[in-house]
Amino acid sequence: MKVDLGIWSKLTQAVIALVAIAILLLIGMTYLPLIRQNENYRREIDRLDVEIQKQAEIAKDLKSEIDALRNDPKTVERLAREKLGYARPDETVVHFETNTAAH
């Protein structure tokens, strides 16, 4: 047997629905900062992954330079000429200066 309580049954259903919505909103508001923080962490991880790749490429280039300096005498000679201005006894070294002052 079903008893019709009239408006009270409808109000009870409305209150239950509103309480359920309020609980869902409370859960959403509780986890929203965590979701945003997680997104920030993900962006930071992506940025750091790119930085790791750049540094790995730099390390690879430096390793190849070190290997060339250790094993290739022509590389050592080229660097001595470029960086230190060294020359063989029968050569003349000419230095060019660049004007860095603004006109």
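Residue check: is Glu57 modelled with pLDDT of 85 or more, within 39 Å of the chain's Cα centre (by Cα) and charged (D, E, K, R)?
Taking the combined requirement at face value, the residue satisfies it.
State whether the residues of segment 53-61 include one that is of a type in the set (Lys, Arg) and in a helix (DSSP H, G or I).
Yes; the residues of segment 53-61 include at least one that is of a type in the set (Lys, Arg) and in a helix (DSSP H, G or I).
Hey, does segment 87-101 have a residue that's in a helix (DSSP H, G or I) and surrounded by fewer than 10 Cβ atoms within 10 Å (Cβ to Cβ)?
no
Residues in segment 10-31: is at least one of a type in the set (Lys, Arg) and modelled with pLDDT of 90 or more?
no
The values are calculated or read from the model by the stated rules, or taken from the named source; none is laboratory data. Quantities reported herein were computed from a predicted structural model and do not represent experimental measurements. Don't worry about glycine lacking a Cβ; one is built from the backbone with ideal geometry, like all the others, and counts go over all protein chains shown.
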